[in-house]
1. Based on the Cβ-Cβ distance from A65 to Q113, what FRET efficiency comes out when R0 is 35 Å, to the nearest 0.05?
2. Give, rounded to the nearest 20 debye, the magnitude of the charge dipole that the stretch 10-138 has about its Cα centre when Lys and Arg contribute +1 at Cβ and Asp and Glu contribute -1 at Cβ.
3. Rounded to the nearest 10 degrees, what's the angle between the helix 92-101 long axis and the longest principal axis of the chain, both from Cα atoms, 0 to 90?
4. Within the stretch 51-138, report the chymotrypsin sites (Phe, Trp or Tyr not before Pro) that DSSP leaves as loop and that have at most 14 other Cβ atoms within 10 Å.
5. Any chance you could tell me what percent of the C-alpha pair distances in the stretch 7-135 go past 22 Å?
6. How many nm separate the modelled label positions at A74 and E97, each set 7 Å beyond the Cα in the direction of the Cβ?
7. Given R₀ = 41 Å, FRET efficiency for M81-T48 by Cβ-Cβ distance, to 0.05?
8. Can you show me the helix-derived [θ] at 222 nm for the chain, built from DSSP H runs with n ≥ 4 at -39,500 (n - 2.57) apiece and divided by the number of residues, rounded to the nearest 500.
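The numbers here are math on the coordinates, done by the rules we state, and not lab data. Because the structure is predicted, anything quoted here is derived from the model rather than measured. With ideal geometry, Cβ positions are generated from the backbone for all residues, glycine too; neighbour counts draw on all protein chains shown.
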Amino acid sequence: MNITLAQCFIAVDDHDKALAFYRDTLGLEVRNDVAFEGMRWVTVGSPTQPDVEIVLEPPLAHPNASPADQQAMAELLAKGMLRGVIFATDDCDATFEHIRAAGAEVLQEPIDQPYGVRDCAFRDPAGNMLRFTQRRGK
């Protein structure tokens, strides 16, 4: 059996701001941008990983969520309490400087971690934490 990652989801409250960050700052390509039932779904991915996509979804897109659950999700997103993704990079320091220069909120400057990577962290425009990691020795 062969299992690979195909998609992961990140909740965003403003797709245009998210696109400015994920496409224009990070250099991900837009693979899909679709309106569906009053919501917008945007899919982005690295040009070097054509089989892996990040779906930028509305925070209230869960069909079985109660109104209270939807409100809680929106509040967690607004506080930056939802998890994001970890990106791999071949140069953590250069990636950090590029993203910081674009105005992203810095959560952690580059640091060598005891588990063998150098990484840094930012918030995307919706408040999701994104980490950028480089294996040490590369």
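1. After rounding, the FRET efficiency stands at 0.50.
2. With only Lys, Arg, Asp and Glu charged at Cβ, the dipole is about 320 debye.
3. 50 degrees
4. Sites meeting the loop and neighbour criteria: Y115.
5. So the portion of pairs separated by more than 22 Å is 37 percent.
6. 4.2 nm
7. 0.85
8. It comes out at -6000 deg cm²/dmol, rounded to the nearest 500.
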